[in-house]
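The values are calculated or read from the model by the stated rules, or taken from the named source; none is laboratory data. Because the structure is a prediction, the values reported are computed rather than measured. Cβ sites come from the backbone with ideal geometry, for glycine too, and all protein chains shown count toward neighbours. The protein model used for the area step is the full one, side chains on, heavy atoms only, and it has no ligands, DNA or RNA in it. Shrake-Rupley method; radii C 1.70, N 1.55, O 1.52, S 1.80 Å.
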Amino acid sequence: MSTLLEVSGLSRSFGSVQAVNGIEFSVGEGRCVALLGPNGAGKTTTIRMLAGLLKPTSGAIKYAGQSERADVREGIGYLPQSPAFYPWMTGLEFAVYAGKLCGLGGREAGRSAGEWLERVGLKDAAKRKIGGYSGGMKQRLGLAQALIHRPKLLIMDEPVSALDPVGRREVLELIRELKRETTVLFSTHVLHDAEELCEDIIIINKGDIALQGSLEGIRNSYRKPIIELTMEPDEGSSRWARELVASVAAGQGGSNPLLADAMLQGNELRLSVREMEEARSHLLRSIVDNEVKLVRLQAGYSTLEDLFMKVVRI
Ligand SMILES: Nc1ncnc2c1ncn2[C@@H]1O[C@H](COP(=O)(O)OP(=O)(O)O)[C@@H](O)[C@H]1O
Ligand SMILES: [Mg+2]
């Protein structure tokens with residue numbers, strides 16, 4: 001796999017705020033990559049630097065096969081977090097206008113605009129005013145605009161975050177189509193969106209990369225056995241659970257070799273176990289001995305969601 005984009009030591013500060021703090025990653029040609037992180041993580045700042053709209057404080061962004069002095073925007077299609085449209089323009093007028101801004105001649109811009117509007121499912125709405133478009137239609141028009149000059153890399157900032165469920169579905173499906181022919185990098189604060197579309201994820205938090213790699217690889221290496229249980233809101237049960245959590249916290253494995261981690265939230269206890277069989281039978285015995293009023297017990301594996309929450313909470 002060849003590398004399309006390589007980012008090294010990329011930083012950006014705004015006054016005393018360090019929005020992006022020396023991040024390193026690369027994007028392979030043909031991959032779909034999610035830049036995943038909570039609000040304020042530094043996603044928009046990173047993406048605006050990649051799109052050539054914001055100057056890094058330090059670090060380098062290298063696009064394969066492009067000389068230092070070339071305009072990086074030729075090879076990139078960019079869809080901002082909240083694209084602004086002229087509501088009085090029609091979709092077609094806007095797409096032609098975007099094509100001309102990218103340097104296409106009038107005829108070429110018209111042809112390409114028509115083609116892309118059809119690809120994004122706006123053929124029938126092409127001559128209607130954008131002011132009457134739904135959120136999903138506007139975002140699809142934004143995608144037509146971003147792709148009008150056939151870029152190698154499509155960069156999108158939270159492309160589905162502001163949409164209602166129908167619009168979200170429309171745009172996710174469209175991205176799924178587009179990623180077959182274009183390398184894609186998009187930001188999101190929703191793990192589910194990343195899981196649905198991407199091969200690679202980069203988790204960013206407070207300007208730093210917390211974790212990066214292929215979705216598959218990360219899923220496999222962080223899959224840990226867990227037991228979750230729910231109790232009735234009962235004083236004795238809750239004391240039992242608190243003591244269990246305290247024994248894990250105190251010993252970190254010493255006094256409680258079966259449990260690696262324990263977390264109590266209301267009446268829900270969540271245990272990260274070292275060895276499932278032994279931990280489960282030990283736990284069940286303890287539940288009986290202490291007359292814990294159990295509502296539910298579930299043994300399984302931690303999910304990417306658990307990992308994401310853990311990484312982001314730090
Ligand atoms: N133009 C700016 N001026 C000052 N601070 C900014 C500016 N842009 C972003 N920030 C700060 O940088 C941090 C990262 O912001 P941002 O990149 O927008 O995060 P995200 O897109 O992940 O929500 C935040 O603390 C934000 O307040
Ligand atoms: Mg943002």
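What the table below lists for this structure:
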{"read-out": "Criterion: farther than 18 Å from residue 36 by Cβ and either open to solvent by 10 Å² or more (accessible area, probe 1.4 Å) or outside the structural domain of residue 305 (by TED's automatic domain parsing) (or both) - qualifying residue of 190, 245, 184", "value": "245"}
{"read-out": "Residue check for residue 209: modelled with pLDDT of 90 or more, within 34 Å of the chain's Cα centre (by Cα) and more than 30 Å from residue 14 (Cβ to Cβ)", "value": "no"}
{"read-out": "Any chance residue 87 is touching a Gly at 6+ places or on another chain (Cβ under 6 Å), assigned by TED's automatic domain parsing to the domain that holds residue 14, part of a loop (DSSP other than H, G, I, E, B) and of a type outside the set (S, T, N, Q)", "value": "yes"}
{"read-out": "Selection within region 194-210 - open to solvent by less than 10 Å² (accessible area, probe 1.4 Å) and more than 14 Å from ligand 2 (Cβ to nearest atom)", "value": "194, 197, 201, 202, 203"}
{"read-out": "Residue 86 vs. criteria open to solvent by less than 50 Å² (accessible area, probe 1.4 Å), more than 16 Å from ligand 1 (Cβ to nearest atom), modelled with pLDDT under 95 and over 18 Å from the mean Cα position of the chain (by Cα)", "value": "no"}
{"read-out": "Extreme residue, nearest to ligand 2 (Cβ to nearest atom), among residues of region 29-80 that are more than 18 Å from the chain's Cα centre (by Cα) and among the hydroxyl-bearing types (Ser, Thr, Tyr)", "value": "57"}
{"read-out": "Evaluation of residue 91 against (1) out of contact with any strand residue (DSSP E or B) (no Cβ under 6 Å at 6 or more places or on another chain); (2) within 16 Å of ligand 2 (Cβ to nearest atom) (one fails), failing number", "value": "(2)"}
{"read-out": "Filter result (charged (D, E, K, R) and within 26 Å of residue 129 (Cβ to Cβ)) within region 52-106", "value": "93, 100"}
{"read-out": "Flag for residue 83 being within 16 Å of ligand 2 (Cβ to nearest atom), under 24 Å from residue 308 (Cβ atoms) and in contact (Cβ under 8 Å) with a residue 60 or more places away in the chain", "value": "no"}
{"read-out": "Residue in region 289-305 that is surrounded by 12 or more Cβ atoms within 10 Å (Cβ to Cβ), within 23 Å of residue 191 (Cβ to Cβ), of a type in the set (Asp, Glu) and under 36 Å from the mean Cα position of the chain (by Cα) present", "value": "no"}
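Residue-by-condition table, conditions (1) over 28 Å from residue 41 (Cβ atoms); (2) of a type in the set (Lys, Arg); (3) buried (at least 22 other Cβ atoms within 10 Å of the Cβ):
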| position | (1), (2), (3) |
| --- | --- |
| 128 | yes, yes, no |
| 144 | yes, no, yes |
| 151 | no, no, no |
| 159 | no, no, yes |
| 172 | no, no, no |
| 214 | no, no, no |
| 220 | no, no, no |
| 233 | yes, no, no |
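Listed here are the residues, each with its yes/no results for (1) within 10 Å of ligand 1 (Cβ to nearest atom); (2) out of contact with any strand residue (DSSP E or B) (no Cβ under 6 Å at 6 or more places or on another chain).
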{"position": "5", "(1), (2)": "no, no"}
{"position": "8", "(1), (2)": "no, no"}
{"position": "15", "(1), (2)": "yes, yes"}
{"position": "20", "(1), (2)": "yes, no"}
{"position": "25", "(1), (2)": "no, no"}
{"position": "31", "(1), (2)": "no, no"}
{"position": "44", "(1), (2)": "yes, no"}
{"position": "47", "(1), (2)": "yes, no"}
{"position": "52", "(1), (2)": "no, yes"}
